[in-house]
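Comments concern the structure below.
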């Protein structure tokens, strides 16, 4: 039977089926400090042990400070953040789970660290108590976010009950316009299908535009599948994937590499596989994108205008748009290029990889950020990316232009550490969510690509 | 986990689409390492006029009188009415923990985000997907609504409507079953699976 990539990945992991639910085996669980304490607590109360301890890899990321790391965990000023990281350290030690601690050079955002370490590999089933686990689908892995009860369940059983998703193919063809990146493709697609457009589906991204993306770009795209409502985003394995995985610390070697390679090359949808839904987009229609509101689907091209609620498709959308405009302090029909910004954030599991930093540095080279920018931050996705960027001299370009060069972590994407926006501040951000209060109480987020973030920092407005 | 069989209660109408989990329970409360006590901070940014932090005395904070949960007529509601795509965004299970800790046992909406929908079942909350026109009727209805999970019905204003639910999810809610215990009944199958899986994919 002709199968989609998602069908292949699911069927490889089925342990048993029961009344419409499927028990699937989990090859890898990534763990961070925010969604795991209650899972470990549950395990302990029930007197259970991890089923397969080596399937787990932990890294602190949400709460870690991006400055003054030399003091280690003791240097964290927020006592609650500190306790959460200490709790992760303690739990990993107690249960024998491999942890990359805060001051390890390999530490970083779990969705950056996983692929970087070869902890996530093509064909694997990968879960994490974090919705952006969809990122790892870029390697042809079955990867999705779960809740804390499920984190505990995977710890205790190495399995999860799942209902099979439907298959959704999104094809993008043609050459991208200059300065348009994977982030713009993601935002454009979400703008077209809405934040619930992928609910109940696993999305496979295909087409010549996707094939031409780097693996890092594919991660950006799959990362935001969840913003379109899909828990799973996928890209088929090709030579780029294999090249990316080769030589990673946890990637197979020798005879196992050859066996893995033979298997990985089958990880694509069959030519006549049936999809429940298919959409096609042309790359040349995609311009640099920017969100104007409080949901990732509230997005327009950078040369566009803030939409007018009177043009909304129905009363629910009209109310949403009005609420968003009220919250974000913008008037309908305002030109996007007239929107002044206060801060710029380059980072997050969406856009903190080396190529993101290279693009932004390329824009900033020899330039200064505008006087009205109060703070511009670059937060690399991992300590290793930071090291690589420094070896390439990117840190110097950033700091010369007025950006601050920070340590790895989630940082201002969700502002659980000290990096946040103040009320009323407006930010061009390469992160993934522009919800109310996401980057700080009463703050305003505009989601953009690294290119647009860097350019906007120079202009002092969205541009 | 608390069993769910039937429930009769008034419903609190939250008239917004795409209510995200950041709004259900803001990030500062995710720093807790416990599973309970999130109810007082449910919808914190809409519910209070000041900025909430962990360990505040919530009884002394200024309330946003306009927010639905602060209106006297909705006090004690165990049913939450919502619009499309309820619970989108972050996977935080703190969202259903906050909802049940507050006292909600049922959420009725035209659609839910996948992760929150699944998490409801794991925490004794019944998420009901209902047609837009029935949800519209519920939004204007004032009075008690009866939910019968066994019959899969919603009854209000002398009308009874059916709703659909996955049979396994229904059974787990009705029996209040612990997922892990159930899965461990499949230990032999898991072990057999592992043997062939690691033989076939030895690099894993």
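The values are calculated or read from the model by the stated rules, or taken from the named source; none is laboratory data. Source: prediction; values computed, not measured. Reconstructed Cβ throughout: ideal geometry from the backbone, glycine too, with neighbour counts over all protein chains shown.
Conditions tested, residue by residue: (1) surrounded by 24 or more Cβ atoms within 10 Å (Cβ to Cβ); (2) within 14 Å of another protein chain (Cβ to nearest Cβ).
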| site | (1), (2) |
| --- | --- |
| A:380 | yes, no |
| A:393 | no, no |
| A:402 | no, no |
| A:445 | yes, yes |
| A:450 | yes, no |
| A:457 | yes, no |
| A:463 | no, no |
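If you go through region A:63-87 and pick out every residue that is touching a helix residue (DSSP H, G or I) at 6+ places or on another chain (Cβ under 6 Å), part of a loop (DSSP other than H, G, I, E, B) and surrounded by fewer than 22 Cβ atoms within 10 Å (Cβ to Cβ), you end up with 1. With respect to the conditions (1) free of Cβ contacts under 8 Å to residues at least 40 places away in the same chain; (2) buried (at least 21 other Cβ atoms within 10 Å of the Cβ); (3) more than 22 Å from residue A:410 (Cβ to Cβ), residue B:49 lacks only one, and its number is (2).
Out of curiosity, is residue A:313 out of contact with any strand residue (DSSP E or B) (no Cβ under 9 Å at 6 or more places or on another chain) and either within 14 Å of chain B (Cβ to nearest Cβ) or closer than 19 Å to residue A:402 by Cβ (or both)? Against the criterion (out of contact with any strand residue (DSSP E or B) (no Cβ under 9 Å at 6 or more places or on another chain) and either within 14 Å of chain B (Cβ to nearest Cβ) or closer than 19 Å to residue A:402 by Cβ (or both)), residue A:313 qualifies. Scan region A:411-463 for residues that are farther than 26 Å from residue A:59 by Cβ, in contact with a helix residue (DSSP H, G or I) (Cβ under 6 Å, 6 or more places away or on another chain) and not in a loop (DSSP other than H, G, I, E, B) and the total you get is 5. Scan region A:162-208 for residues that are in a helix (DSSP H, G or I) and crowded, with 24+ Cβ neighbours inside 10 Å and the total you get is 8. For region B:63-84, a residue qualifies if it is within 23 Å of the chain's Cα centre (by Cα) and either at positive phi or assigned to a loop (DSSP other than H, G, I, E, B) (or both), and the qualifying residues are B:64, B:66, B:67, B:71, B:75, B:76, B:77, B:78, B:82, B:83, B:84. Pick from A:332, A:324: which is surrounded by 14 or more Cβ atoms within 10 Å (Cβ to Cβ) and not in a loop (DSSP other than H, G, I, E, B)? It is A:324.
Restricting attention to region B:170-203, the residues that are at pLDDT 90 or above, outside any loop (DSSP other than H, G, I, E, B) and either farther than 16 Å from residue B:5 by Cβ or touching a helix residue (DSSP H, G or I) at 6+ places or on another chain (Cβ under 7 Å) (or both) add up to 18. Residues that are in a loop (DSSP other than H, G, I, E, B) and crowded, with 17+ Cβ neighbours inside 10 Å within region B:125-140 comprise B:125, B:130, listed in sequence order. Which residue is nearest to residue A:109 (Cα to Cα), if the candidates are limited to region A:1-33 and must be within 7 Å of chain B (Cβ to nearest Cβ) and in a loop (DSSP other than H, G, I, E, B)? Residue satisfying both the conditions and the ranking: A:27.
Does residue A:211 satisfy the condition of being away from every other protein chain (no Cβ under 11 Å), free of Cβ contacts under 8 Å to residues at least 40 places away in the same chain and surrounded by fewer than 24 Cβ atoms within 10 Å (Cβ to Cβ)? Break it down stepwise before answering.
Numbers: away from every other protein chain (no Cβ under 11 Å): yes; free of Cβ contacts under 8 Å to residues at least 40 places away in the same chain: yes; surrounded by fewer than 24 Cβ atoms within 10 Å (Cβ to Cβ): yes.
Here the answer is yes, as residue A:211 does meet what is asked.
Considered as a group, the residues in region B:88-99 that are more than 7 Å from every other protein chain (Cβ to nearest Cβ) and in contact (Cβ under 8 Å) with a residue 60 or more places away in the chain include one that is surrounded by the fewest Cβ atoms within 10 Å (Cβ to Cβ), and that residue is B:98. When the test is whether a residue is assigned to a loop (DSSP other than H, G, I, E, B), under 28 Å from residue A:59 (Cβ atoms), touching a residue at least 40 places away in the same chain (Cβ under 8 Å) and in contact with a strand residue (DSSP E or B) (Cβ under 8 Å, 6 or more places away or on another chain), residue A:408 passes it.
Assessment of region A:217-229 against the conditions (over 22 Å from residue A:299 (Cβ atoms), buried (at least 18 other Cβ atoms within 10 Å of the Cβ), touching a helix residue (DSSP H, G or I) at 6+ places or on another chain (Cβ under 7 Å) and at pLDDT 95 or above) yields no matching residue. If you go through region A:344-352 one residue at a time, do you hit one that is farther than 30 Å from residue A:215 by Cβ, over 15 Å from the mean Cα position of the chain (by Cα) and crowded, with 19+ Cβ neighbours inside 10 Å? Checked region A:344-352: no residue is farther than 30 Å from residue A:215 by Cβ, over 15 Å from the mean Cα position of the chain (by Cα) and crowded, with 19+ Cβ neighbours inside 10 Å. Residue B:104 versus (1) within 14 Å of chain A (Cβ to nearest Cβ); (2) surrounded by 15 or more Cβ atoms within 10 Å (Cβ to Cβ); (3) in a loop (DSSP other than H, G, I, E, B): which is the lone unmet condition? Failing condition for residue B:104: (1).
Does region A:36-58 include one or more residues that are at the interface with chain B (Cβ under 8 Å from one of its Cβ atoms), part of a loop (DSSP other than H, G, I, E, B), surrounded by 24 or more Cβ atoms within 10 Å (Cβ to Cβ) and within 24 Å of the chain's Cα centre (by Cα)? No - not one qualifying residue is present in region A:36-58. Search region B:142-169 for residues being outside any strand (DSSP E or B) and in contact (Cβ under 8 Å) with a residue 40 or more places away in the chain, and hand back the single one that is surrounded by the fewest Cβ atoms within 10 Å (Cβ to Cβ). Filtering region B:142-169 for residues that are outside any strand (DSSP E or B) and in contact (Cβ under 8 Å) with a residue 40 or more places away in the chain, the one surrounded by the fewest Cβ atoms within 10 Å (Cβ to Cβ) comes out as B:143. Between A:199, A:241, A:157, A:206, the distinction of being touching a residue at least 60 places away in the same chain (Cβ under 8 Å) and within 14 Å of chain B (Cβ to nearest Cβ) belongs to A:157 only. Counting the residues of region B:17-35 that are more than 15 Å from residue B:92 (Cβ to Cβ) and either out of contact with any helix residue (DSSP H, G or I) (no Cβ under 7 Å at 6 or more places or on another chain) or more than 8 Å from chain A (Cβ to nearest Cβ) (or both) gives 0.
Take residue A:251 and decide whether it is within 14 Å of another protein chain (Cβ to nearest Cβ), part of a loop (DSSP other than H, G, I, E, B) and over 25 Å from residue A:203 (Cβ atoms). Judged against the criteria, residue A:251 is a match.
In region B:36-62, the qualifying residues are those that are touching a helix residue (DSSP H, G or I) at 6+ places or on another chain (Cβ under 7 Å) and part of a loop (DSSP other than H, G, I, E, B), and the one that is farthest from the other protein chains (Cβ to nearest Cβ) is B:42.
Within region A:117-148, the residues that satisfy the criterion of being within 11 Å of another protein chain (Cβ to nearest Cβ), outside any strand (DSSP E or B) and either within 16 Å of the chain's Cα centre (by Cα) or at positive phi (or both) are A:118, A:123, A:129, A:130, A:131, A:132, A:133, A:134, A:146.
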